[in-house]
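Worksheet: the structure to be examined is printed underneath.
The values are calculated or read from the model by the stated rules, or taken from the named source; none is laboratory data. Keep in mind that this is a model prediction, so the values were computed, not measured. Positions of Cβ are generated from backbone atoms using ideal geometry, with glycine treated the same way; all protein chains shown enter the neighbour counts. Side chains included, ligands, DNA and RNA excluded: accessible areas come from the protein's heavy atoms. Shrake-Rupley method; radii C 1.70, N 1.55, O 1.52, S 1.80 Å.
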Amino acid sequence: MNTFRFVPEGWNEEVENLSLQKIQEYKDENRTVQGIVQSCDEQYNLHIQLGNEIEGIIPRSEVEDIQEGLPEERLCTGKVHKYVQFKIGNIENNHTVLLSRKSVQQEALQYIKDTMQIGQSVTGIVKNIRPYGAFIEIGGGIVGLAHIEDLSVARIKTPYERLEIGQKVKVVVKYIDRCTGKVNLSYKESLGTWEENAEKFSVGMKVRGIIRETEKNRNGIFIELTPNLVGMAEYAEGYEYGQKVNVYIKKIDKEKKKVKLLIE
């Protein structure tokens, strides 16, 4: 069972078979530990196999950092067969140990409020996707939001065009609410700068692109060459968003960061 500190649950998929001695050691060190939830009982407590004949139990009240009341039932049942992080609590006997996931969340949240910096690069796992953005866990069960406009330079209609649930990503912290610990994230930085992407292409190349936008005044069609590099071709009728087209690179203006294209 691996020990973690402010990395997403399940980022590293290895688990350690713990002895009672190691469990006591991790408790004394206030270590964050990771395990896989085996089951959820009728009281919505989570059960985790820590070692040979040693069971860990996360009481429902220790599953989530809920300000008022207990976590919803689905937040407990939805964690079965998934990785969770926790602190070692009371060792009831040689076979049962109480655990707390909430303690890990509170520690991670305090770190975000006090220490995390805007522009800081962190690892994340995509947990949920909505039309307006993706929810990404960045450590200790703490989830941040990456708005759709922060997923790529090329405009997209849905986050599913860039991410999928369960995907491991590198993201940058864009905003932090120091009072609540709310975090906004940006994914597009991990896709490279304009200059880095432009280096992959040269004038005269014929490549495949995706139409992302057509100018309302019919000045041009914006075509994605990579998620963080968009070129423009002259406007023509009959082209639609998401359509794949073959283009010829007419010009790369590094000073103005523009790429001129010709649809073939």
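Modelled label positions at residue 91 and residue 244, each set 7 Å beyond Cα in the direction of Cβ, lie 5.8 nm from each other. Taking 0.36 nm per residue of separation and subtracting the current Cα-Cα distance, fully stretching the chain between residue 123 and residue 182 would add 19.6 nm. Rounded to whole numbers, the Karplus 3J(HN,Hα) couplings from phi for the range 31-45 are 6, 8, 10, 10, x, 10, 5, 8, 6, 10, 7, 5, 8, 6, 8 Hz, using 6.51 cos²θ - 1.76 cosθ + 1.60 with θ = phi - 60°, and x at Gly and Pro. Stretched out straight at 0.36 nm per residue, the stretch from residue 114 to residue 55 would grow longer than its current Cα-Cα span by 17.8 nm. Each of 138, 36 has its accessible area taken with a 1.4 Å probe; listed largest first, they run 36, 138. Would you list which lysines come within 28 Å of residue 79, measuring only between C-alpha atoms, while excluding same-chain residues fewer than 8 positions from it? Leaving aside lysines fewer than 8 places away in the same chain, those within reach of residue 79 are 22, 27, 87, 102, 113, 127, 168, 170, 182. Peptides 6-14, 87-95 ranked from most to least packed, by the mean per-residue count of other Cβ atoms within 10 Å: 6-14, 87-95. For the range 225-242, the Karplus equation 6.51 cos²θ - 1.76 cosθ + 1.60, evaluated at θ = phi - 60°, returns couplings of 8, 9, x, 10, 8, 10, x, 10, 10, 4, 5, 8, 6, x, 9, 10, 4, x Hz by residue, with Gly and Pro reported as x. Nonpolar atom fraction for the chain, defined as the carbon and sulfur part of the 1.4 Å probe accessible area, stands at 46 percent.
With both labels modelled 7 Å from their Cα along Cα-to-Cβ, the residue 170 to residue 262 distance reads 3.7 nm. Ranking 98, 259, 229 by how far each Cα lies toward the positive end of the dipole of the chain (charges on Cβ) leaves 259 at the top. For the range 131-234, the Cβ-based charge dipole about the Cα centre amounts to some 140 debye (Lys, Arg positive; Asp, Glu negative; other atoms uncharged).
Scan the range 191-262 for GluC sites (Glu not before Pro) in coil per DSSP, keeping those whose Cβ has at most 16 other Cβ atoms within 10 Å, and list them by number. Qualifying residues, ordered by number: 199, 215, 237, 240, 255. Once the C-beta distance of residue 236 and residue 205 is scaled by a Förster radius of 22 Å, the resulting FRET efficiency is 0.60 to the nearest 0.05. Here r is the Cβ-Cβ distance between residue 194 and residue 14 and R0 is 35 Å; the resulting FRET efficiency, rounded to 0.05, is 0.40. Overall shape of the chain was characterised from the C-alpha gyration tensor. The equivalent ellipsoid obtained from it has semi-axes of 47, 17, 16 Å, in decreasing order.
Per residue, the chain exposes an accessible area of 54 Å² to a 1.4 Å probe, with every protein chain left in place. Scalar couplings 3J(HN,Hα) for the range 100-105, obtained by applying the Karplus form with A = 6.51, B = -1.76, C = 1.60 to θ = phi - 60°, are 9, 7, 4, 5, 5, 4 Hz; x denotes Gly and Pro.
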